[in-house]
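To start, the structure under review is shown below, and the notes come after it.
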Amino acid sequence: MNVLVVGAGGQIGTELIPHLQKQYGQDNIIAADLKEDVVKRLKEGSIAITLDALDIKNYTEAIKKYKIDRIYNLVALLSATGENNPQLAWSVNMGALLNSLELAREFKCSVFTPSSIGAFGHSTPHNLTPQDTIMRPNTMYGVCKVSGELLSDYYYSRFGVDTRSVRFPGIISNGALPGGGTTDYAVEVFYDIIKKGHYTSPIPENSFMDMLYIPDALDACTQLMDADPSKLRHRNSFNVTAMSFTPEILFNEIKKRIPEAIFDYNVNPVKAEIASSWPDSMDDSCAREEWGWNPKWGLQEMIDDMICAIRKKNL
Ligand code: AKB
């Protein structure tokens with residue numbers, strides 16, 4: 001199994017590479033990113049190449065050279081960045097997806113492209129958001145995610161390309177920082193509290209959003225792709241979640257462990273509006289039934305592990 005990860009230098013890719021290496025062998029995983037400095041960092045632990053996923057010629061050469069069987073397409077501008085430049089978000093997010101799907105069709109690869117809670121909008125039921133429900137997102141990121149789900153299903157039904165995907169909630173991790181997302185606060189808070197003892201939240205105190213700790217997110221990436229296809233009634237894309245909390249809940253739990261921590265709010269209206277349009281909690285029972293999704297990390301264990309991991313960085 002030769003696997004190519006495009007957009008490998010981001011929050012998910014940075015940790016997906018070693019996860020895939022453990023599963024499929026170090027020499028079978030190719031990390032690709034647009035930025036030279038990121039590729040330099042990735043080269044420290046993996047085979048890494050500079051690749052712009054919008055450049056179909058170079059992308060084709062990489063697929064041929066490394067005889068790729070599976071693509072993880074992680075290229076995306078996230079929700080808040082997408083609102084600053086919606087046209088760029090559309091061209092990057094959809095361009096990388098279309099190239100990945102076309103190459104998968106030509107070279108018979110399977111493709112994983114994450115969708116997101118961003119695929120939902122104000123008109124979606126917010127509590128226990130069903131797997132199959134109203135999807136009218138209010139952001140360009142969300143428009144790309146819904147379009148991406150449809151396009152991936154189209155490539156499956158029309159051309160038989162093995163496309164699969166999950167709707168990721170906010171992902172909490174301590175490898176590479178996220179950038180430009182609405183859920184980023186749930187990562188930033190740990191760095192700021194441990195470094196400065198103080199965190200100012202851009203998200204209102206009572207705004208619920210689903211979250212996952214990175215080990216569960218990585219398991220979702222591999223378990224779904226290795227799942228028996230005959231069991232999958234859905235493909236693009238499955239709700240997955242492990243916890244749902246507000247900033248207030250998270251900060252109170254951190255304060256129990258670090259009593260001197262100070263929290264306040266300076267609400268970013270763009271992020272607050274995005275957060276209010278997303279589910280408060282998703283129903284992930286289809287993922288549990290169809291491919292055995294079973295997250296292991298809840299809020300308490302995640303907080304303990306994040307504090308420990310970030311303290312070790314000696315910021
Ligand atoms: C974002 O906040 O934009 C992402 C996401 C939930 O897809 N983390």
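When the listed pairs Lys271/Lys313; Lys35/Lys67; Lys256/Lys296; Lys67/Lys145; Lys108/Lys296; Lys22/Lys271 are checked against a 25 Å cut-off, the alpha-carbon distance exceeds it for Lys271/Lys313; Lys67/Lys145; Lys108/Lys296; Lys22/Lys271.
Under 5 Å from the amide H of Ser123 lie the amide H atoms of Arg136, each residue being 5 or more positions distant or on a separate chain, with H modelled from the backbone and absent for Pro and chain starts. Overall shape: prolate for the chain, with the ratio a/c of the largest to smallest alpha carbon gyration tensor axis at 1.5 or above and a/b above b/c. Taking amide H as placed 1.01 Å from N in the peptide plane, the amide H of Ile49 sits under 5 Å from that of Ala31, Ala32, Asp33, each at least 5 places away or on another chain. Fully extending the segment from Asn252 to Asn266, taken as 0.36 nm per residue of separation minus the present Cα-Cα distance, adds 3.3 nm. Computed from the Cβ-Cβ distance with R0 of 22 Å, the FRET efficiency linking Ser230 to Gln23 stands at 0.50.
Taking amide H as placed 1.01 Å from N in the peptide plane, Met243 has its amide H under 5 Å from the amide H of Met211, each at least 5 places away in sequence or on another chain.
Label sites at Lys43 and Gln300, each approximated as a point 7 angstrom past Cα along Cα to Cβ, lie 4.7 nm apart. Each Cα pair under 8 Å and six or more residues apart adds its separation to the average, and for the range 26-163 the resulting relative contact order is 21 percent. Taking the alpha-carbon distance from Lys65 and a cut-off under 14 Å, which aspartates and glutamates remain once sequence neighbours fewer than 8 residues away in the same chain are dropped? The qualifying aspartates and glutamates are Asp27.
The listed residues Glu102, Glu289, Glu149, once ranked by accessible area (1.4 Å probe) with the largest placed first, stand as Glu289, Glu102, Glu149. Sorting the segments 307-315, 201-209, 111-119 by their residues' average number of neighbouring beta-carbon atoms within 10 angstrom, most packed first, yields 111-119, 201-209, 307-315. Heavy-atom accessible area for Ser46, with the other protein chains in place and a 1.4 Å probe, reaches approximately 20 Å².
The values are calculated or read from the model by the stated rules, or taken from the named source; none is laboratory data. Bear in mind that the values here come from a model prediction, so they are computed numbers and not experimental data. Here the Cβ is made from the backbone with ideal geometry for all residues, glycine too, and neighbour counts use every protein chain on show. These accessible areas exclude ligands, DNA and RNA; they are computed on the full protein's heavy atoms, side chains included. Shrake-Rupley method; radii C 1.70, N 1.55, O 1.52, S 1.80 Å.
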